[in-house]
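Enquirer: Sharing a structure here in structure tokens format.
The values are calculated or read from the model by the stated rules, or taken from the named source; none is laboratory data. This is a predicted model, so every value here is computed, not measured. Every residue, glycine as well, gets a Cβ built from its backbone with ideal geometry; the counts of neighbours run over all protein chains shown. Heads up: the accessible areas ignore ligands, DNA and RNA and are worked out on the full protein's heavy atoms, side chains in. Shrake-Rupley method; radii C 1.70, N 1.55, O 1.52, S 1.80 Å.
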Amino acid sequence: MRPASTPRLPVTARVFVQRFSSTPLGARLARHLAVHRLDAWGVPYGSAVSDTAALLVAELAANAVTHGRVSGRDIEVLLRLDAYTLRIDVSDSRGGERRPEVTAAPEGEHGRGLLLVDALADRWGVFDRVPVGKTVRAELDLPVR
């Protein structure tokens, strides 16, 4: 007789990767396509996860096109959804000289947008991108179904 095990959800990861122009229009399109893709994956428009993801993609993409823009280079948005987590990666071509930081005081000149990311995401961080640039990642833990 086999010992009883804890039931687990199957782990099937869905991945979406798209490059966008490093412009405000590109950032806006990234947000629209992200919520469209999530809806296609079963995360309905207007749900808490969809709305939070839309805010995170919008802020990270806006930061990438504002602070990480390199002429002639695009930004890249990656969504990865599994049974437990939604991961949002936004990459730009600007390297370590423009790494984002959260400013403790909201009245600071820089970093206010990342206060929103810090408040909404369960985890977030900044990673070097090989061969050039950086990736800002935000993760949301999904509600247990």
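Enquirer: Cβ contacts < 7 Å: first residue farther than 15 Å from residue 87 by Cα and in contact (Cβ under 8 Å) with a residue 40 or more places away in the chain, restricted to region 15-42; second residue in a helix (DSSP H, G or I) and open to solvent by 60 Å² or more (accessible area, probe 1.4 Å), any location; separation 6+ or different chain. Result?
Expert: 20/29
Enquirer: Among the hydrophobic types (A, V, I, L, M, F, W, C), surrounded by fewer than 24 Cβ atoms within 10 Å (Cβ to Cβ), modelled with pLDDT of 80 or more and farther than 17 Å from residue 15 by Cα - does that describe any residue in region 61-75? Steps first, please.
Expert: Restricting attention to region 61-75, the residues satisfying the condition of being among the hydrophobic types (A, V, I, L, M, F, W, C) are 61-62, 64-65, 70, 75.
Then keep just the ones that are surrounded by fewer than 24 Cβ atoms within 10 Å (Cβ to Cβ); that gives 62, 65, 70.
Among the residues that remain, those that are also modelled with pLDDT of 80 or more are: 62, 65.
From the residues that got through so far, the ones that are farther than 17 Å from residue 15 by Cα too are 62, 65.
Scanning region 61-75 turns up at least one residue that is among the hydrophobic types (A, V, I, L, M, F, W, C), surrounded by fewer than 24 Cβ atoms within 10 Å (Cβ to Cβ), modelled with pLDDT of 80 or more and farther than 17 Å from residue 15 by Cα.
Enquirer: Next question, about the same structure. Which of the residues belonging to region 23-40 are at pLDDT 95 or above, over 15 Å from the mean Cα position of the chain (by Cα) and either surrounded by 13 or more Cβ atoms within 10 Å (Cβ to Cβ) or among the basic types (Lys, Arg) (or both)?
Expert: 39
Enquirer: Please go through region 43-59 and give me each residue that is open to solvent by less than 10 Å² (accessible area, probe 1.4 Å) and either of a type outside the set (A, V, I, L, M, F, W, C) or in contact (Cβ under 8 Å) with a residue 40 or more places away in the chain (or both), ordered by number. Break it down stepwise before answering.
Expert: Step one: filter region 43-59 for residues open to solvent by less than 10 Å² (accessible area, probe 1.4 Å), giving 50, 53, 56-57.
Scanning region 43-59 gives 50, 53, 56.
Enquirer: Consider only pairs whose beta carbons are under 6 Å apart and that are at least six residues apart or on different chains; among these, list those whose first residue lies in region 118-145 and is assigned to a loop (DSSP other than H, G, I, E, B) and whose second residue is surrounded by 12 or more Cβ atoms within 10 Å (Cβ to Cβ) and of a type in the set (Val, Ile, Thr).
Expert: These pairs meet every condition: 129/135.
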